[in-house]
Amino acid sequence: MIQRTRHVLEFPGGYTRTTGPVIGRFLTELRDRRLVGVRTATGRTLVPPLEYDPDTGDAVTGEFVEVGPAGTVESWSWAGSPRAGHPLDRPFAWALIRLDGADTSLLHAVDAGDVRAMRPSLRVRPRWRAERTGHVTDIECFVPEVTAMTAPVRVEYTVTPGLALARFLSGIARGVFLGSRCGTCGKVYVPYRLSCPECGVAVTEEVELPDTGTVTTFAINNLPDPRAPEVPFVSAYVLLDGADIPMIVLIGGIPAHEVREGMRVRAVWAPESGRGPSMDSVRWFAPTGEPDEEV
Amino acid sequence: MREVAVVAFAQTRHSAVDEGRSEPEMILGPLEEVRRATGLRRFGFTCSGSCDYLAGAPFSFVSALDALGAWPPISESHVEMDAAWALYEAWARLQHGDVDSALVYGFGKSSQGDLREIMTLQLDPYYLAPLGLDQVSLAALQASAVAADRAELDEIVRRSRAAGRANPHALDLPDPEGEEFEVAPLRPYDIAPITDGAAAVVLAAGDLARELCERPAWIKGVAHRIEPHYPGMRDLARSASAAEAARAAGAGKGRPDVAELHAQFSHEEIVLRRALDIPAATAVNPSGGPLAANPVMATGLIRIGEAARHVMEGRAGRAVAHAAGGPCLQHNLVAVLEGGR
């Protein structure tokens, strides 16, 4: 049995460090919400400023120049599960950021919300802390520049279905699909309509169609839709028996991957008490079990 | 330059968990083994490498002297670095010519704390440490800059772990699997495992080396180079300091049979292979490398020991060893070892 005991190493209140003139200048400017770099003798701008040029070892010049505050992400890693010591408590990126006007990159956190928001050359700006003390964390983190916004749109209307659709829906309310036959070309349209779109003439003959038909084509939908009971759902063109034009409907009572062209289907009606002049009265079309048709 | 060789190497059977031994107790085994191999009880110089922050106690390396029997007083030194740099100091000390043997050892128990956060304490205290940047987050930044192919990284881990399973001193780790990220783009298995362990090496000069060892692993070249600490001042996709250390050590003067690289993350092997210009035919990390056992502060010394072992056992004519320190391969050491009398 190994005895174990807790041991904490801590400098209560933190370790006091003098900054020297170069780092001190950077932290002082940071407290005033400014980012500065220092010029080297060769004319490069180091951000964050160092006391010596990493290329030559020479002391840097005393010239400080304002940089940023915006910058460009050069590379990043994604901390999906932030640790206690990390600057943010939600997933974020560590990034090397080339601030505008700098020749080196600053390492800091980027609060991008989602890893998919991170990309090379992403433009970011600092999010400043309200209370600043002259510390690298006076910048809480960087955030992406604004490149998109949402524009809310909402207007209300009062609509009527039109004469033909009103007539069709009155048929639905009593459990019947109403169509119309063109007196010129003989085609049967469903839903019911007042003119033949092919001949351009008014149609007057109303026909009642059976609630059975054949799937001519279909799509499997993976995005939820308020009209569909679940995801995935299948929307299909069904050619009602006796019609010349298919009608778009939902398919139910069968797993999505088993739906096929040529499948025979029948409307599943809502209970009579729940029926009205609305397509809600047709729950969906379900397989009849008959052999498939050629389409 | 005075001819100096590795004449003995020993290491613990490294452990993923704290087995209850203190650091001096851990180092005893390897010390006894290299003393037995060389027949030496006293050395002209002794140097160790360790990190006080691993134990969270100041001067914790001093207590490790208890394992040595440092009385009457011995000539001794310590580096707060991987013990590969203790070996460098011992090699430099042997160049003085007044002593002929040196004992080098390193040890670390990273199971005692949270290594990722302990490593934060090595960072610049003004710009980096206050951000809470941990070791894996920094390494992930370098991995992102390298933009390595995932299949290549997976293969490095698979090969390293398989070699580790065949090495009685390394950990038994399964083939890598899983899609989750630790810090993207690094997956948990891209990271060297938490390991406790220790290692010891004996260096000897000239005739003493020939006397102590049938096939000494002669140090034909050894050099180390460092680059700026701040990652934003460097090109993280390559290691300029590792390339310069390799050039200074003469790594390119011949084809190595074996290369032992101190790659604590899978992408570091890619960076180091390029920097050291390792030929495709060279066996890289046949021991499993740090991805199979990473006793921090001994890991770099073990690379030199493993490379030397291949030469001493006659399985390699020429071997290259590499050790690293600091964030994102900031500091690199390269040693070239060769056989021959």
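Read the figures in this text as sums done on the coordinates, not as results from a lab. Bear in mind that the values here come from a model prediction, so they are computed numbers and not experimental data. No Cβ is skipped: glycine too gets one built from the backbone with ideal geometry, and neighbour counts run over all protein chains shown.
Worth pointing out:
- Database remark: amide H of A:ILE97 closer than 5 angstrom to the amide H of A:GLU74, A:LEU106, A:LEU107, A:HIS108 (H placed geometrically; neighbours at sequence offset of 5 or more, or on other chains; Pro and chain starts carry no H).
- Under 5 Å from the amide H of B:HIS78 lie the amide H atoms of B:SER48, each residue being 5 or more positions distant or on a separate chain, with H modelled from the backbone and absent for Pro and chain starts.
- Taking the Cα centre of segment A:160-295 as origin and assigning +1 to Lys and Arg Cβ atoms and -1 to Asp and Glu Cβ atoms, the resulting dipole is close to 420 debye.
- A simple charge model with +1 on the Cβ of Lys and Arg, -1 on the Cβ of Asp and Glu and nothing else charged puts the dipole of segment B:106-226 at about 520 debye relative to its Cα centre.
- Measuring r between the beta carbons of A:TYR52 and A:ALA219 and using R0 = 56 Å, the FRET efficiency lands at 0.25.
- A:GLY262 sits among other residues whose Cβ lies under 12 Å from its own Cβ, and their net charge, with Lys and Arg +1 and Asp and Glu -1, is -3.
- Cα-based helix-to-principal-axis angle, A:20-31 vs chain A, degrees rounded to 10: 40 degrees
- Distance between segment B:117-176 and segment A:125-140 - C-alpha centres, whole angstrom: 30 Å
- Span from the segment A:10-83 Cα centroid across to the segment B:32-66 one, whole angstrom: 39 Å
- Estimated purely from DSSP H runs of n ≥ 4, each contributing -39500 (n - 2.57), the mean residue ellipticity at 222 nm for chain B is -9500 deg cm²/dmol once divided by its residues.
- About its Cα centre, the dipole of chain A is roughly 940 debye, where the only charges are +1 on Lys and Arg Cβ and -1 on Asp and Glu Cβ.
- Couplings for segment B:10-27, taken from phi via the Karplus curve 6.51 cos²θ - 1.76 cosθ + 1.60 with θ = phi - 60°, read 8, 8, 6, 7, 5, 10, 7, 10, 5, 8, x, 7, 6, 4, x, 5, 6, 7 Hz in order; Gly and Pro are left as x.
- Adding -39500 (n - 2.57) for every DSSP H run of four residues or longer, then dividing by how many residues chain A holds, sets the calculated 222 nm ellipticity at -2500 deg cm²/dmol.
- Ranked list, fewest to most other Cβ atoms within 10 Å of each Cβ, for A:THR137, A:THR18: A:THR18, A:THR137
- Neighbour-limited loop hits for GluC sites (Glu not before Pro), segment B:248-324 (at most 13 other Cβ within 10 Å; DSSP other than H, G, I, E, B): B:GLU313
- Phi angles of segment B:266-280 translate, via the Karplus equation with coefficients 6.51, -1.76, 1.60 and θ = phi - 60°, into HN-Hα couplings of 4, 5, 5, 4, 5, 4, 6, 4, 5, 5, 8, 6, 6, x, 4 Hz per residue; Gly and Pro are given as x.
- Degrees between helix B:83-94 axis and first principal axis of chain B (Cα, 0 to 90, nearest 10): 30 degrees
- Span from the segment A:190-260 Cα centroid across to the segment A:141-167 one, whole angstrom: 27 Å
- Cross-link partners for B:LYS253 among the aspartates and glutamates, with Cα-Cα distance under 20 Å and sequence neighbours closer than 8 places in the same chain left out: B:GLU3, B:GLU244, B:ASP277, B:GLU338.
- Largest GNM mean-square fluctuation across B:GLY113, B:GLY232, B:GLY221, computed for chain B with C-alpha springs under 10 Å, falls on B:GLY232.
- Partner chain coverage, peptide B:36-44 - average Cβ within 10 angstrom: 0
- When each of B:LEU301, B:LEU141, B:LEU68 is scored by the number of other beta-carbon atoms lying within 10 Å, the sequence from fewest to most is B:LEU68, B:LEU141, B:LEU301.
- For B:ILE191, B:ILE270, the sequence from fewest to most other C-beta atoms within 10 Å is B:ILE270, B:ILE191.
- Sites matching GluC sites (Glu not before Pro) across segment A:193-295 that sit in DSSP coil, with at most 16 neighbouring C-beta atoms within 10 Å: A:GLU198, A:GLU230, A:GLU261, A:GLU293, A:GLU294
- Cβ-based charge dipole, segment A:163-287, positive-most Cα from A:CYS199, A:LEU163, A:PHE233: A:LEU163
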